[in-house]
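The values are calculated or read from the model by the stated rules, or taken from the named source; none is laboratory data. Note that this is a predicted model, so its numbers are computed, not measured. Cβ sites come from the backbone with ideal geometry, for glycine too, and all protein chains shown count toward neighbours. All accessible areas refer to the heavy atoms of the entire protein, side chains included, with ligands and DNA or RNA removed. Shrake-Rupley method; radii C 1.70, N 1.55, O 1.52, S 1.80 Å.
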Amino acid sequence: MKFITTFKHLVFFILYIAFSSLYAQELKSPSENFSLLFELKSGVPTYSLQLEGKPVIEESKLGLVLKDAESLVDGFTIKGVTNNTFDKIWEPVWGETKTIRNHYNELAVVLDQPATQRTMILRFRLFDDGLGFRYEFPEQKNLTYFVIK
């Protein structure tokens, strides 16, 4: 009987880890001093940022409110996630330094909004000295032109 209870707990734990990994993604900077957590909470994309374990940006919602169209703030599911690392040194034409290192880890999350049949990509780049992110909109039938409110 104890074996069955333990087995049920183990199965529940494995399912919980597998299910939560679909909605939460962690990204670390190359030196691992910054840590970004992306989560999809009840269809709403959120992110938070920590520096050496201390919060820099508390959990914040992502999305865009559109004028004259259904907004891109909720109702999302995760369609795909990709990770990438970039490390290149380049020489500026002018400036105080001879070379600049462009080194970051990247997380791209493809989000679907089933109610509107629209897709949005959130791309995060985490450097050793900061974070950048952007919204990308692949060519699609249900989102050609829009105005952000």
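Evaluate region 108-118: report whether one residue or more is at positive phi and either touching a residue at least 40 places away in the same chain (Cβ under 8 Å) or among the β-branched types (V, I, T) (or both).
In the first step, residues of region 108-118 are kept if they are at positive phi; the result is 117.
Now drop any that are not either touching a residue at least 40 places away in the same chain (Cβ under 8 Å) or among the β-branched types (V, I, T) (or both), which leaves none.
Within region 108-118 (the criterion being at positive phi and either touching a residue at least 40 places away in the same chain (Cβ under 8 Å) or among the β-branched types (V, I, T) (or both)), the answer is no, since none of the residues qualifies.
Going through G75, G132 one at a time, which residue ends up being under 18 Å from Q25 (Cβ atoms) and either open to solvent by less than 30 Å² (accessible area, probe 1.4 Å) or assigned to a loop (DSSP other than H, G, I, E, B) (or both)?
On the way: G75 fails: under 18 Å from Q25 (Cβ atoms).
The conditions single out G132.
Out of everything in region 21-41 that is open to solvent by less than 40 Å² (accessible area, probe 1.4 Å) and aliphatic (A, V, I, L, M), what residue ends up being modelled with the lowest pLDDT?
Looking at residues that are open to solvent by less than 40 Å² (accessible area, probe 1.4 Å) and aliphatic (A, V, I, L, M), I get A24.
Filtering region 58-72 down to residues that are outside any strand (DSSP E or B) and not acidic (D, E), which residue is modelled with the lowest pLDDT?
A69
In this structure, does T99 turn out to be loosely packed, with under 11 Cβ neighbours inside 10 Å and either among the polar types (S, T, N, Q) or within 23 Å of L143 (Cα to Cα) (or both)? Walk me through how you get there before you give the answer.
Details: loosely packed, with under 11 Cβ neighbours inside 10 Å: yes; either among the polar types (S, T, N, Q) or within 23 Å of L143 (Cα to Cα) (or both): yes.
When the stated conditions are applied, T99 passes them.
Confirm whether R123 is open to solvent by 70 Å² or more (accessible area, probe 1.4 Å), under 24 Å from S42 (Cα atoms), without any contact (Cβ under 8 Å) to a residue 24 or more places away in the chain and out of contact with any Ser or Thr (no Cβ under 7 Å at 6 or more places or on another chain).
On the way: open to solvent by 70 Å² or more (accessible area, probe 1.4 Å): no; under 24 Å from S42 (Cα atoms): yes; without any contact (Cβ under 8 Å) to a residue 24 or more places away in the chain: yes; out of contact with any Ser or Thr (no Cβ under 7 Å at 6 or more places or on another chain): yes.
The answer is no for R123.
List every residue pair whose Cβ atoms lie under 8 Å apart, where the two residues are 6 or more positions apart in sequence or sit on different chains, the first residue falls within region 129-149 and is farther than 20 Å from T46 by Cβ, and the second residue, located anywhere, is in a loop (DSSP other than H, G, I, E, B) and charged (D, E, K, R).
From region 129-149, the pairs are V147/D68.
Scan region 77-87 and give yes if some residue there is farther than 21 Å from L126 by Cα and either free of Cβ contacts under 8 Å to residues at least 12 places away in the same chain or within 17 Å of the chain's Cα centre (by Cα) (or both), otherwise no. It would help to see each step written out before you state the result.
Start the filter on region 77-87 by keeping residues that are farther than 21 Å from L126 by Cα, which leaves 77, 79.
Narrowing further to those that are either free of Cβ contacts under 8 Å to residues at least 12 places away in the same chain or within 17 Å of the chain's Cα centre (by Cα) (or both): 77, 79.
Scanning region 77-87 turns up at least one residue that is farther than 21 Å from L126 by Cα and either free of Cβ contacts under 8 Å to residues at least 12 places away in the same chain or within 17 Å of the chain's Cα centre (by Cα) (or both).
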